[in-house]
1. Using a 10 Å Cβ count of at most 11 others and DSSP loop calls, identify the longest part of chain A lacking such GluC sites (Glu not before Pro).
2. Taking just the alpha-carbon atoms of the stretch B:454-547, what radius of gyration and Dmax come out, in angstrom?
3. How much mean residue ellipticity at 222 nm does chain A get from its helices, if each DSSP H run of length 4 or more adds -39500 (n - 2.57) and you divide by all residues, to the nearest 500 deg cm²/dmol?
4. Among the DSSP beta bridges whose two residues both lie in the protein assembly as shown, what percent are antiparallel, rounded to the nearest 5?
5. If you average the sequence gap of Cα pairs under 8 Å that are 6 or more apart and divide by the length of the stretch B:365-537, what percent do you get for the contact order?
6. Taking the alpha-carbon centroid of each part, what is the distance from the stretch B:285-364 to the stretch B:482-507 in angstrom?
7. Looking at chain B, what % of its DSSP beta bridges pair antiparallel, to the nearest 5?
8. Rounded, prolate or oblate: pick one for chain A, where a ≥ b ≥ c are the square roots of the eigenvalues of its C-alpha gyration tensor, a/c under 1.5 means rounded, and failing that, prolate if a/b is larger than b/c, else oblate.
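What follows draws every value from the coordinates through simple rules; no lab data is involved. Bear in mind that the values here come from a model prediction, so they are computed numbers and not experimental data. Because the Cβ atoms are built from the backbone with ideal geometry, glycine has one as well, and the counts that use them run over all protein chains shown.
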Amino acid sequence: MNRYTILIYTENFIGILNRITIIFTRRGINIDALTASESRLDGIHKITIECAVTEEQIIQLVKQIEKITDVIKAYYFMDTEVVYQEIALYKLPIDSLDASLEKVIRQYNAHIIAAEKEFVVIEFTGHKEDTQALLETLKPYNLLEFSRSGRVAIAKPRFSVSEYLNNQTL
Amino acid sequence: MIRGADIVVRSLIAESVQHIFGYPGGAIMPVYDALYDYHDQIKHVLTRHEQGAIHAAQGYARVSGKVGVALATSGPGATNLITGLADAMIDSTPLVCITGQVAAHLLGSDAFQETDVVGISMPVTKWNIQVRRAEEIAPAIAKGFHIARSGRPGPVLIDITKNAQIEAGLFNYVPCLSIRSYRPHFPVDPNAIAQAAALINQAQRPYVLFGQGVIIGKAELELKAFLDKTGIPAASTLLGSGALSEDHPAYVGKLGMHGNYAPNLLTNQCDILIAIGMRFDDRVTGDLNRYAKQAKVVHLELDPAEINKNVKCEVPVLGDCRESLSLLIDAVQDNNHPEWLGRFRELELLEQESVINHDLAPTKTGLTMGEVIRYINQYKADDAILVTDVGQHQMIAWRYFNYKKSKTQVTSGGLGTMGFALPAALGAQMADYSKQVICVVGDGGIQMTIQELGTIMQTKAPVKVVLLNNNFLGMVRQWQQMFFDRRYSFTELDNPDFIKLADAYGIKAVKVEERGDLSEAVAEMLLHKGPFFLEVVVEKEDNVFPMIATGCSVEEVRLS
């Protein structure tokens, strides 16, 4: 089993995410994380999926994903082939904000992005190990809430979806 | 500006649709109202169940090569299409199914006969869409037809809300020719052809497996020319039957669990395996770990996801097999393989003695399914179409029917849908009234869609129904006998009087219980102008052989 990041470029149509996820469901493969957002190309969405599968499985998965009519292109990458980040938010009671917490925030290079009467929200970006480490560190400070995104990723190998689209004979 | 419902019908006319199969209901009523005005341009066949409608559309598509069209209402009408969609998906049958849906403002409110058919049908459609506005109807239908018939064909579902059918919109039909996110075709790589040709030219024991891709790709002549030139023994999958006339000198038989002895056994002795338009289904390969390990595999395939899916290949030849076969014909040398072909013929004799003779010319009292097919062969036209259901009769009919022309085989291959045959035969007949359509069916399967006798009655479609009645769910019973210690758990049927039933539908019916009456009855059936129902009471506990049991290797094919 390897950890893979799949980058999928799709038309922005209703139901496309469902069509993609049922490919995983049918094969009993767990999606570890998923993010979806507009890409830099107008009307084209980029979906990033993280999963742990064998090389044989990832090849089949990506072929099946590409087979979907509204999917433009799908690529898969090993962790070494992508630059990726995950964002995490941590909510703590305002009275836990003391000198030692300030030190933790500074050490991690995390940010306080909101401060209300009752609580503060700290933001930290990194790989899962990093955000997890901060989570463990903050637990003793009476952590109220925690939220972490799936990964967003940029591939190191060069590929261009817009070029691919231009080369399609329409 | 015209009504959305009229846009639906005029879009279908613009796609040259001549027949549609359907069943009306609340949410599709505006379309049915529109059909009333166009009945001289589109023939609508009213089936007795939506499953009947979609199987009929499948039979129609498989015989005509055109896109089959089915129409149903929302809710239960739409969900009754699901089995047919799954069947068409796995057997690559081009369909456009149009379902009515509750009005857009009611979506998500659990309105009467509302169901999320787009969600439900997603895993079993090549593409689907919900249309909520009249002006979106024509583009959706245009896109649907393009997707259904291009590349590897498949079923498409278009769900149209009732308000979209009622509201007015501009109608300007623009056929869809391409979609930027969709690549149905790949140009054939000349290097792949060169590599494939090099392997084929050096091969001592090359072996061709051909499937339905040859029929879908209209590559029958190219396949024949390739085999004429190379003399390579060639075997057919279930759905590939008909792509090559069985009279061809290189034809060696059928593959798979109940295929022929030699084609299965010798799969593990060839040195080059050339798979053309087939997908290495588990019923063909048996245990993959012991499948053709000694061979280098060349795979001519249109769908990139099929390459290396089940069997790893040395040379993938991605693309339309008609194109790749044409290129291969020029790249391969004239050849023949008399010794290698002789091995097939030797083993064929073994199968002839231990299985085929007993099936076709039995000496025991009870009638066999095989001898019924023998008489069908004797009296049928060369281009007669065989439609089968699923089970023992399907395997026997496939094994013994004499296929001479392409598109003469309609059966549920991948999904194994019991109840498929009767409506599919009706659809096949609608595609061409001049052809003999012979529907061979078991007593289990026919009762799953027997209501379609009503559609045959109403349309007067001259379908010839041959019921092979053993009062058992025969294939399951065979497995119970072989693998479950003869514990016949819920496989014996108390059947109705089928002759009375056919008679009630006004269909001429004959029952045969004695061998002496069989020949005459089959001849009478095939000469009869209208629909005909022939029930043949066959041996209760006959088994289909050869057989590759589940988990076994192709070389473990058993003759008994």
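1. A:1-115
2. Cα radius of gyration and Dmax of the stretch B:454-547 are 15.7, 46 Å respectively.
3. About -9000 deg cm²/dmol.
4. Percentage antiparallel, nearest 5: 45.
5. 24 percent
6. Value for the Cα centre distance between the two parts: 37 Å.
7. Once the DSSP bridges in chain B are tallied, antiparallel ones form about 10 percent.
8. Prolate, because a/c is 1.5 or more and a/b exceeds b/c.
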